[in-house]
Amino acid sequence: MLQLGGSVALLLTTGACAAGSQSGSSGRSADPAASTLRIAVSSYLSSWDQDFVGFDPTALMLYKNVYPYLVDYGVTEVSGSKILDTTNVMPTFAESFEPSADQKTWTLKLRKGVKFASGNEMTAADVKWSKDRAFAAKANVAGVYRTIGLTEPDQVRVVDDHTVEFAQAFPSALTPQIQAISLYVFDSVEAKKHATDADPWAQEWFAKNAPTGGYFNVTKATQGQEIVLEANKGYPGPDPAQTGTIRISVVPAAANQRLQLQNGDIDIALGISRRDIADLKNADGIKVLSAPSNEQVAIQMSVTTAPFNDVNVRKALAQAVPYEQIIANVYGGDARPTSSLVPLDMPGYDPSGYPYKYDIEAAKAALAAAGQTSISSELVFQTDNDTQQQLAVLVQSEARKAGIELKLTPLDPATLAERRQQKNIPLQITSGQLWVNDVEYMLATSFVSGANLNYSNYTNPEIEQIYEQSHTTVDENGRRALWTRVQQILAADVPWVIVCQPNFNLPVREEVAGWVQPMDGLARLRYLSTSA
């Protein structure tokens, strides 16, 4: 299990790594500049502007590789698999990132001489402009910065050309991880050339033009077809790119991705279904990489919508779900059972946090405690998602035995997003993983009032109080005590049916090496190489 350090007072300096962590690679290939890696994705990205994109997996993955992130996770090994190490946030484009004695002010020092593709040097002014833009956007970064006490542009201060201070309102154990997902930088000199009075942050220009200066630079981008990345030879930090060129092709149909992988036309397929992946495990020339994941599959129940506004009805459904059958039949055994709404491998996980097992008689008793012998509801899932459809069918079949009749409703992404905004879905299947491996972040995204992913419309006064208290609790034992209580409350309130945590699987050609499992779901392509 990954462990967070006992204190937020981490010294993030060049070459400093947490004990037991490893470099992300064993060394550059003989001539990485001459190698090309071919990757297929299911869709073209919606925009190049990271400040305004939230639910676009292709875009978010690309951002991690083409934006210059000043700090990022290191790499460690768990059960023979390399994974991003959330206990070790280390400088990449930055030289260091250090806290003050009271852990409220963090000082960022940039490496000198680092340049964007434009030739402009990366300076403190770029960091300041980028974070001012983020606050003005009132979107992605501004939202997560609130969790560490950063709410105003004035809290980000330029000290000199290569030094920036972040003055938080309070110390936070989340600071290293929050900055690992937030400290990306725009070329502000170039941006200002495209700004107007009506568009002072050049939003229109950035949406259509790829950023530069990351681990890779974008050298070609053909809408809906292909993106070509070239390794940034000016990257100054640890773990430089192992592949000189990466060609990312858009192949919407999973069947076509599978065929291209089998024919050797691509090296990695990022859009193949679990069923196809299972078939590919014995295919010639292909291997399937597997690693534990913190992805959670759940059924969120709207606690403000009848009949799930009754906790006994929620308990009834939690005991009518065939957990083991789902893992065996939907995931082919390639998923982990879990006993808490806190993900496995997250610090503070308590296996008593979800005491519900498949038990039809117990489900009937819980329904009777609610004064019901039968109920009916809609169960919503994503259209064209075979895994969610199979899961829904199994839940429908077993829940009926307990007197719970479910109408299955597949929704396209746009309609699903609209209904989520309207908060009128009584029961829905959700799947995803958190970008920050910490319970405080989990609460911020899913279990407090106003949280973006709180589709269950759940609030609890004590959890709200614990969440506020956690902002300034940096002691490990103190935080774990809070998380134990959180799980006790969630076990009693049961706003979610927590189904399982599927393992991550990726089909690749045999020549591909260097995969590092991202705990945030966003692949770091610089570790990948191919001997083909």
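A short reminder: the numbers here are calculations on the coordinates, not readings from a lab. Just so you know, these numbers come straight off a predicted model, no measurement behind them. Methodologically, a virtual Cβ is constructed for each residue, glycine included, from the backbone with ideal geometry; neighbour enumeration extends over all protein chains shown.
Stokes-Einstein D for the chain at 25 °C, 0.890 mPa s, Kirkwood Rh over Cα pairs, in µm²/s? Before the final figure, lay out each step's value.
Details: Rh = 24.3 Å.
D = 101 µm²/s.
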Unsatisfied cross-links (Cα-Cα over 28 Å) in the set K131/K193; K138/K423; K64/K287; K281/K407; K138/K208: K281/K407
C-alpha center-to-center spacing [the stretch 232-290, the stretch 371-416] in angstrom: 33 Å
For the stretch 409-525, average projected area of the Cα convex hull in nm²: 10.2 nm²
Convex hull of the stretch 29-188 built on C-alpha atoms - directionally averaged projected area, nm²: 11.7 nm²
log10 of Debye I(q)/I(0), alpha-carbon scatterers only, for the stretch 287-416 at 0.20 Å⁻¹: -1.30
Assigned charges on the beta-carbon of Lys, Arg, Asp, Glu; the stretch 296-502 dipole about Cα centre (debye): 460 debye
Distance histogram in 10 Å bins (all Cα pairs of the stretch 208-306, percent per bin): 12, 29, 30, 20, 7, 2
Cα-based Rg and Dmax for the stretch 296-502, where Dmax is the largest Cα-Cα distance (Å): 16.4, 48
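In a shell of Cβ-Cβ distance under 10 Å around R479, excluding R479 itself, what net charge do Lys and Arg (+1) and Asp and Glu (-1) give?
Counting the neighbours of R479, the net charge comes to -3.
Where a ≥ b ≥ c are the square roots of the eigenvalues of the C-alpha gyration tensor, would you call the stretch 367-436 rounded, which needs a/c under 1.5, or, failing that, prolate if a/b is larger than b/c, or oblate?
Working: a/c = 1.91, a/b = 1.65, b/c = 1.16.
Verdict is prolate for the stretch 367-436.
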Bridge type composition, the chain - antiparallel percent by DSSP, nearest 5: 75 percent
Added length on full extension, which subtracts the Cα-Cα distance from 0.36 nm per residue, A195 to Q223: 7.8 nm
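Taking K and R as +1 and D and E as -1, what net charge do the other residues with C-beta under 9 Å from the C-beta of G285 add up to? Please list the in-between numbers first.
Details: positive: K287, R509; negative: D284, E510, E511.
Around G285, the surrounding residues sum to -1.
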Set of lysines near K364 by C-alpha distance (under 16 Å), chain-local residues within fewer than 8 positions excluded: K315, K401
Projected label distance in nm at A365 and N385, using a 7 Å step from Cα toward the beta-carbon: 3.3 nm
